[in-house]
Amino acid sequence: MILHVVLFRFKAGVTGDRIARAGEAFLGMRGAIPDIRRISWGSNLGPSAGEYSHVLIVTLDDMAGVERYLQHPVHRQTVADFLADIREARLAVDVET
């Protein structure tokens with residue numbers, strides 16, 4: 001299994017409501033993208049929360065699944081519709097569990 005972990009920093013002035021809608025949209029990808037085994041979204045509770053406030057964790061079977069997930073039209077549309085204009089930075093890592 002692969003954990004695809006993405007940390008997000010949002011632009012100044014972005015409301016909590018917009019961030020919450022982005023999270024809901026990401027969670028909604030579960031039924032639409034077959035490779036997703038689990039998906040979670042939440043606030044970063046750690047010391048780095050000031051730098052990266054939110055975390056997306058997607059569990060997939062393997063790196064081929066990660067690639068399919070990243071290229072899937074639903075993922076691309078979700079990023080375009082809910083994240084692209086509010087995201088300042090992101091940090092993504094993939095780790096085998």
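I'd like to know if the stretch 68-88 contains one or more residues that are within 15 Å of residue 4 (Cβ to Cβ), in contact with a strand residue (DSSP E or B) (Cβ under 7 Å, 6 or more places away or on another chain) and part of a helix (DSSP H, G or I). Yes: one or more hits. Scanning the stretch 1-41 for residues being surrounded by 12 or more Cβ atoms within 10 Å (Cβ to Cβ), free of Cβ contacts under 8 Å to residues at least 60 places away in the same chain and within 16 Å of residue 89 (Cα to Cα) gives a total of 1. The single condition among (1) more than 20 Å from residue 97 (Cα to Cα); (2) outside any strand (DSSP E or B); (3) charged (D, E, K, R) that residue 35 does not satisfy is (1).
Screening 48, 53 for residues that are in contact with a strand residue (DSSP E or B) (Cβ under 7 Å, 6 or more places away or on another chain) and under 24 Å from residue 15 (Cα atoms) leaves exactly one candidate, 53.
Taking (1) closer than 20 Å to residue 17 by Cβ; (2) assigned to a loop (DSSP other than H, G, I, E, B) in turn, residue 56 satisfies each apart from (2).
Please give the number of the condition residue 92 fails out of (1) loosely packed, with under 11 Cβ neighbours inside 10 Å; (2) of a type outside the set (Lys, Arg); (3) closer than 15 Å to residue 5 by Cβ. Result: residue 92 passes all but (1). All of 94, 35, 17, 61 fail the test of being of a type in the set (Asp, Glu) and in contact with a Phe, Trp or Tyr (Cβ under 9 Å, 6 or more places away or on another chain), apart from 35. When the stretch 58-78 is limited to residues that are among the aliphatic types (A, V, I, L, M) and closer than 13 Å to residue 97 by Cα, the one that is surrounded by the fewest Cβ atoms within 10 Å (Cβ to Cβ) turns out to be 63. Criterion applied to 13, 23, 28 was being touching a strand residue (DSSP E or B) at 6+ places or on another chain (Cβ under 6 Å) and small (Gly, Ala, Ser), and the one residue passing it is 23.
Only the coordinates and a few stated rules stand behind these numbers; no lab work does. Here the structure is a predicted model, which means the values were calculated and not measured. Cβ atoms come from the backbone with ideal geometry, glycine included; neighbour counts cover every protein chain shown.
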